[in-house]
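A.B. asks: Handing you this structure, nothing more for now.
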Amino acid sequence: YRLLLYRPNLRTLVNIVHTIMKKLNNNFTLFGLIASLVYTSTVILGGLLWPSYSQIKQPISELTMSGSPNLTLMITLFTLYNILLISFSLTIFKQHQNKLIRISAILLFLVGLSGIMMNIFPQDPINSVLTFRGLLHFVFAGAAAIGTIMAIFIGGVGFETMNADKNFKMISIL
């Protein structure tokens, strides 16, 4: 309940992530898993806090559109997800020399950056006139969707060329 009342700003989120990074000795590979959990939990929580929202029928962007309930909380959690994703991508880029893995890491970095930009340029309310900010939201959302798919595919191929563990490749794809 206290989390719902807590409204940290971007600086607070960066400080929290920085503290975690110090404790992990700059090994952020766990951030990929944590980012996935944060994203999934945020979408589920958004549906619980907004009973008329349907994760199946409505786009996730509606959780952060102008005027949506719990807007500050949703933007905060999605921003945390994107910071974690960016940190994870930088670690993967630094730890691997395989070109395809590095390309995948760059794509994940761009996905995280696009996610942050989506929070800066929120989706317009449904049935309203499309604004330039709303249009930019769709551009960044499309870039994030395409980048995610490409990162998964290219990363999977990259692990294949490294003769990586088949279980690890399957987990990456899932």
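The values are calculated or read from the model by the stated rules, or taken from the named source; none is laboratory data. Since the model is a prediction, treat every value here as computed from it, not as a measurement. A quick note on method: Cβ atoms are made from the backbone with ideal geometry, for glycine too, and the neighbour counts reach across all protein chains shown. SASA here: full protein model, heavy atoms, side chains in, ligands and nucleic acids out. Shrake-Rupley method; radii C 1.70, N 1.55, O 1.52, S 1.80 Å.
A.B. asks: In whole percent, and with a 1.4 Å probe on the protein chains, what portion of the accessible area of the range 50-155 is carbon and sulfur?
C.D. replies: Details: 4050 of 5470 Å².
Here it works out to 74 percent.
A.B. asks: Once you order the gyration tensor axes a ≥ b ≥ c over the Cα atoms, which shape class does the range 73-165 get: rounded for a/c under 1.5, otherwise prolate or oblate by comparing a/b with b/c? Display every interim value, and only then the final one.
C.D. replies: On the way: a/c = 3.43, a/b = 2.23, b/c = 1.54.
Taking the square roots of the gyration eigenvalues as a ≥ b ≥ c, the range 73-165 is prolate.
A.B. asks: Quick check: pseudo-label points 7 Å beyond the Cα along Cα→Cβ at GLU160 and PHE93, how many nm apart are they?
C.D. replies: Spacing of the two 7 Å Cα→Cβ label points: 2.5 nm.
A.B. asks: Taking all pairs of different Cα atoms in the range 51-100, averaging 1/r and flipping that mean, what Kirkwood radius in angstroms comes out? Don't skip to the answer; put the middle values down first.
C.D. replies: On the way: mean 1/r = 0.0760 Å⁻¹.
Taking every pair of different Cα atoms in the range 51-100, averaging 1/r and inverting gives 13.2 Å.
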